[in-house]
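Shown next, in structure tokens, is the structure this report addresses.
The values are calculated or read from the model by the stated rules, or taken from the named source; none is laboratory data. None of these values were measured; they are calculated from a predicted model. Here the Cβ positions follow ideal geometry from the backbone for every residue, glycine too, while neighbour counts run over all protein chains shown. Quick note on the areas: whole protein, heavy atoms, side chains included, nothing else; ligands and nucleic acids left out. Shrake-Rupley method; radii C 1.70, N 1.55, O 1.52, S 1.80 Å.
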Amino acid sequence: MKSLLLCGVGGQGTVLASRILAQAAMEEGKFARTAETIGMAQRGGCVVSHVRIDSKDCSPLVPLKKADILIAFEPGEAVRNLPYLKPEGIVIVCDNPICPVTASLAGIEYDSRKMIDYIKSKVERVIVVDGNKICEECGSSKVVNVALVGTIIKTGAAELSEESVKKVLKDKLKPEFLEMNMKALTLGMEYAI
Amino acid sequence: MKELLMGNEAIALGAIMAGVKVVAGYPGTPSTEVLETIAKRNPGKIHVEWSTNEKSALEVAAGAAYTGARSIVTMKQVGLNVASDPLMSLNYVGVKGGMVVYVADDPGPISSQTEQDTRHFGKYAKIPVFDPATPEEAYEMIQDAFAYSEKYGMPVFFRATTRVCHSCATIDVGEFPEPTEGEGFIKDTSRWVIFPKLSYESKKKLEAREVELAKEFSKLKYNFITGTGRIGIACGGVSRAYVCEAVNDLDENKDIFSIFNVGTPYPFPEDAALEFINSIDKLICFEELDPVIEDAFTYLLGKHNIKLEILGKRTMDVPNAGELGVVSITKILAGLTGKEYTESQERFKDLPDIPGRPPVLCAGCPHRASFYAVKQAMKGRKAIFCGDIGCYTLGNAAPLDMTDTCLCMGAGITIAEGLDYAEFDKDDRSVKFAFVGDSTFFASGITGVINGVYNKANIVVCVLDNSTTAMTGHQPHPGIGKTMMGDVSNAISIPKVLEAIGLTKVVTVDPLNQEEAINAVKELADLPGVKAIIFKSPCVAIVKTKKSAEVDRDKCIGCKKCINELGCPALYMKDGRACIDKALCTDCGLCKTVCPVKCIKEEA
């Protein structure tokens, strides 16, 4: 079984990313589960999507210490969810901080460099993805989720093939967005080489 | 075809497979997607509607089932409280076509006011309860629920919880059949008109049915035993998935534990449970919300004079509030068997504190402007702000701090009235505001306004009209002029309804025009009786704009007033100056009115 935990801030597209991964697994004939945050927390709160592949008799939620890969759309959320990571697990983190309103109000410094340094000091394999750069290159602010999917599959840790992900993208996305997302997928994959 | 389906989608497709003909409901997390999915996948002949509230929805579904057609009504657990009046009586009258009452419970709670347990409601109302553990089981179970309902002429509960409703699984979906057409309504006053005599006769039948169903359910495939160990575990709903994983981790040889899975908590499958009791030395119960299964076992032991140790919520071995999970269950089971288990990791023991990220009103949300206008207008005056259920409950957070009370759907209005009556003989009375959303207004606000006018309350009703049911994912409602079938209908005008009720004054303002809004609040606050301000501006998640504002960093004095007054997620400080996140900002303009040096302008 492979367990993936995707985390971020409401509105960043974690749900779509988890669905793409689960459907790619199904393309390969594997049983997949996901669990998502839906409801009030989507309004700018913390969101977490769980993906479990080859997972007939198990919880839909990834328990602490059981994630093979932690995929964070935001550095602070990566730190918050580190306890879910397996001892040998991989962290993929998008270096694009979103300052919580509570921090702005309290005047607390929100420094993503420090957070990423902490993760690097604790975890052997950490991949930092420059989300802004990918968005600029693709000409859209909405492609981070697909780029991160690219990074995930290229690590090999999810045991999903590029072909099955591409097939899901073709089935799922509107034709006018396909090329842009295929580019994001490729750019995301480059970070894991 | 194999599909990745969310629990709620699986339930919807299961209902279509069962030939459902009429579908009614009121949105509420985590139940909403059942009705939406039936509407989206409607093969053509299914009537699907968002009703004004859960009581209306349940009655609609009951009427349809009187004809012999199959129907489903969907709601969240607190919606069941609203629908309980017709439901309690309906079980005495019965139905002809299969009728499923789908209720989503919310352990945690994650998006609800209460941790109430619909399994209790089943017992109380004497209505059978089906309780799926996974989306794939839910898909199958709902079809059986329809069949049982029709076989016994009774409504049945289909109860799921958040982690079943909102998790996805791989499910093989069949070809959709045509909906069941009933024989039509056949007049029979001895059957369809509830009178004490009918109720007396029905009560006897309900009691007999409970016994019969308990026997039948003991053989049902959803109530089953796995494993052969002498430590018994009883569980139901999503707890079964957690237990499975915990047991897999702890019991490699599969000889320590055995598990009794309860798919129908009411009527409790006593015969199957007795068989289980006789094969174990000790029992521990894992279930979320209330100890329903645990109490059923305790009752059974007493009834049969059996001595067995039961651990659970009653013995404080299992937490009695909040969700369960693999970690909490593994910990408890490890403790019982003397195994080592720790969920923490030494390497993360110095994990830095990350500031919390509670949900907030979106950047550009018109509710922020409405709250801010009322706050500005009432500066220095005694005022109480009664809130209600919807996105605008988030108006309670700092820095707005504009929600002093919140109880249930529609209560803001009537709570404000009660606050007013309590000081009716005082001179120094505070101004009472009741904030209510447009969908909530139709669901259960109107009767409260009528009550206030009739009984001469002094309140200001603020209808936050963003032309949608925003919090649950933008469902249409009676004020929109669009139905769930995609038809155009007569849009019911909120100001006209209020005018017809006879309020002292009704005004409509654009909250983004702060000056106009503040003046309206000031004027209405001092009028007697019930007054209403409709703050009309569309939800930013629906009407999207490409515009955003920007800060002239040379002019910004770094006073933080925009951040400290508004708490907008698009605003943050960088190098001592305010900054705007272009991806979030909608250029609503509220921060421009707040900025003392006018350094914020529309982006060029």
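For the range B:135-238, give me every one of the helices (runs of 4 or more DSSP H) that falls completely inside it and has 2 or more residues that are farther than 24 Å from A:Arg19 by Cα and either at pLDDT 95 or above or away from chain A (no Cβ under 14 Å) (or both).
B:135-152, B:189-192, B:196-217
Find the strands (runs of 3 or more DSSP E) located wholly in the range B:244-311 whose residues include 1 or more that are open to solvent by less than 10 Å² (accessible area, probe 1.4 Å), and list them.
B:257-262, B:282-286
Could you grab me the full set of residues in the range B:232-248 that are among the charged types (D, E, K, R) and under 13 Å from B:Gly263 (Cβ atoms)?
Listed by number, the list holds a single entry, B:Arg240.
Which members of the range B:469-500 meet the condition of being open to solvent by less than 10 Å² (accessible area, probe 1.4 Å) and among the polar types (S, T, N, Q)?
The one that is open to solvent by less than 10 Å² (accessible area, probe 1.4 Å) and among the polar types (S, T, N, Q): B:Gln475.
Given the residues B:Ile480, B:Ile494, B:Ile446, which is the only one that is under 26 Å from the mean Cα position of the chain (by Cα), under 24 Å from B:Val82 (Cα atoms), assigned by TED's automatic domain parsing to the domain that holds B:Ala520 and free of Cβ contacts under 8 Å to residues at least 40 places away in the same chain?
Sole residue among the options that is under 26 Å from the mean Cα position of the chain (by Cα), under 24 Å from B:Val82 (Cα atoms), assigned by TED's automatic domain parsing to the domain that holds B:Ala520 and free of Cβ contacts under 8 Å to residues at least 40 places away in the same chain: B:Ile480.
For A:Lys120, state whether it is surrounded by fewer than 22 Cβ atoms within 10 Å (Cβ to Cβ), within 11 Å of another protein chain (Cβ to nearest Cβ) and either in a strand (DSSP E or B) or of a type in the set (D, E, K, R) (or both). Full working, then the answer.
Values: surrounded by fewer than 22 Cβ atoms within 10 Å (Cβ to Cβ): yes; within 11 Å of another protein chain (Cβ to nearest Cβ): no; either in a strand (DSSP E or B) or of a type in the set (D, E, K, R) (or both): yes.
No, not satisfied.
Just need a number here: residues in the range B:91-114 that are more than 25 Å from B:Cys391 (Cα to Cα) and either open to solvent by 10 Å² or more (accessible area, probe 1.4 Å) or part of a loop (DSSP other than H, G, I, E, B) (or both). Let's see the steps before the verdict.
Kept after step one, since they are more than 25 Å from B:Cys391 (Cα to Cα), are these residues of the range B:91-114: B:91-101.
Retained after the next criterion (residues that are either open to solvent by 10 Å² or more (accessible area, probe 1.4 Å) or part of a loop (DSSP other than H, G, I, E, B) (or both)): B:92-98.
Matching residues across the range B:91-114 total 7.
Filter the range B:490-525 for residues that are part of a loop (DSSP other than H, G, I, E, B), out of contact with any Lys or Arg (no Cβ under 7 Å at 6 or more places or on another chain) and more than 29 Å from B:Lys592 (Cβ to Cβ) and give the result.
Across the range B:490-525, the qualifying residues are B:Asn490, B:Ala491, B:Ile492, B:Ser493, B:Gly502.
Out of the range A:100-114, which residues are touching a residue at least 12 places away in the same chain (Cβ under 8 Å) and either closer than 15 Å to B:Gly356 by Cβ or β-branched (Val, Ile, Thr) (or both)?
A:Pro100, A:Val101, A:Tyr110
Spot the failing condition for A:Ile134; the list is (1) under 19 Å from A:Lys154 (Cβ atoms); (2) within 11 Å of another protein chain (Cβ to nearest Cβ); (3) part of a helix (DSSP H, G or I), and only one is missed.
Only one criterion is unmet by A:Ile134, namely (2).
Among the residues of the range B:326-349, write down those that are more than 9 Å from chain A (Cβ to nearest Cβ), surrounded by 15 or more Cβ atoms within 10 Å (Cβ to Cβ) and closer than 28 Å to A:Ala103 by Cβ.
Scanning the range B:326-349 gives no hits.
Restricting attention to the range B:545-560, which residues are open to solvent by 60 Å² or more (accessible area, probe 1.4 Å) and within 14 Å of chain A (Cβ to nearest Cβ)?
B:Lys546, B:Cys559 - these are the residues of the range B:545-560 that are open to solvent by 60 Å² or more (accessible area, probe 1.4 Å) and within 14 Å of chain A (Cβ to nearest Cβ).
For residues that are more than 10 Å from chain A (Cβ to nearest Cβ) and at negative phi, tally how many sit in the range B:350-376.
Matching residues across the range B:350-376 total 11.
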